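Undergrad: To start, I am sharing the structure in question, which I have written as structure tokens.
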Amino acid sequence: MDKDLLQQWLDKANDDLRSAEYLSTMHHPTPDEVICFHCQQSAEKYLKGFLYLNNIEPPKIHDLEELLEMCIRINNTFSVLSSKLIVLTNYAVIPRYPNELEITSDDMKIALKYAREVQEFVLGIIKCM
């Protein structure tokens, strides 16, 4: 396992979360779906970083539930993230295109909260390894 590549996964995940947090503080309206997308991307990269750490080549998918199942096979405590990742996975593709999904500021706040919780959980697990 290449520690530099692991750090790149974690850096990218951190960048997405920081971007979402920054956009949420902008004075001009930032589309909530853009912030939700960055939250999903952050969670995705934290999960993929964990898989990489465990010598599994992260698949090129955006389905957080599928990635979670892979993580649970390695460490079943990941199951505590299930309800959060079900919510976040909705923001992988839908917000990038015109659609009928109404994303509100409440959705955005929840997405930020869940993305932070994924970050704390995965970094906590990695730290203990």
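Undergrad: With n ≥ 4 as the cut-off for DSSP H runs, can you work out [θ] at 222 nm for the chain, using -39500 (n - 2.57) per run divided by the number of residues, rounded to the nearest 500?
TA: Here the helix-only value at 222 nm equals -22500 deg cm²/dmol.
Undergrad: Rg and Dmax of the chain, using alpha carbons, in Å: what are they?
TA: Here Rg and the maximum Cα pair distance are 14.3, 43 Å.
Undergrad: Could you please put Ser42, Ser83 in sequence from largest to smallest accessible area, using a 1.4 Å probe?
TA: These residues rank, largest area first, as Ser83, Ser42.
Undergrad: Still on this structure, please answer the following. Counting other Cβ atoms within 10 Å of each Cβ, which GluC sites (Glu not before Pro) in the range 1-64 have at most 12 and sit in a DSSP loop?
TA: Answer by residue number: there is no such site.
Undergrad: Run the numbers for Glu102 and Glu66: contour at 0.36 nm per residue of separation, minus the present Cα-Cα distance, in nm.
TA: 10.5 nm
Undergrad: I want to verify a result. In a Gaussian network model of the chain, Cα cutoff 10 Å, which of these has the top mean-square fluctuation: Arg116, Arg73, Arg18?
TA: Taking springs between Cα atoms under 10 Å, the residue moving most is Arg73.
Undergrad: Treat each spin label as a single point 7 Å out from the Cα along the C-beta direction, and report the Ile74 to His28 distance in nm.
TA: 4.1
Undergrad: Can you list the DSSP H helices in the chain whose Cα atoms extend at least 30 Å along the helix axis and whose mean Kyte-Doolittle hydropathy is -0.5 or higher?
TA: Within the chain the helices that satisfy the rule are 32-53, 105-128.
Undergrad: In the range 32-129, carbon and sulfur make up what percent of the accessible area (probe 1.4 Å)?
TA: Reported share for carbon and sulfur atoms: 52 percent.
Undergrad: Taking the Cβ of Lys12 as the center, what net charge do the other residues with Cβ under 10 Å away carry, scoring Lys and Arg +1 and Asp and Glu -1?
TA: That works out to -2.
Undergrad: Moving on. With the other protein chains left in place, how much accessible area per residue, in square angstrom, belongs to the chain at a 1.4 angstrom probe?
TA: Here the per-residue accessible area is 57 Å².
The values are calculated or read from the model by the stated rules, or taken from the named source; none is laboratory data. For clarity, every value in this text was computed on a predicted model and none was experimentally measured. Using ideal geometry, Cβ is built from the backbone for each residue, glycine included, and neighbour counts are taken over all protein chains shown. These area figures cover heavy atoms from the full protein model, side chains too; ligands, DNA and RNA do not enter into them. Shrake-Rupley method; radii C 1.70, N 1.55, O 1.52, S 1.80 Å.
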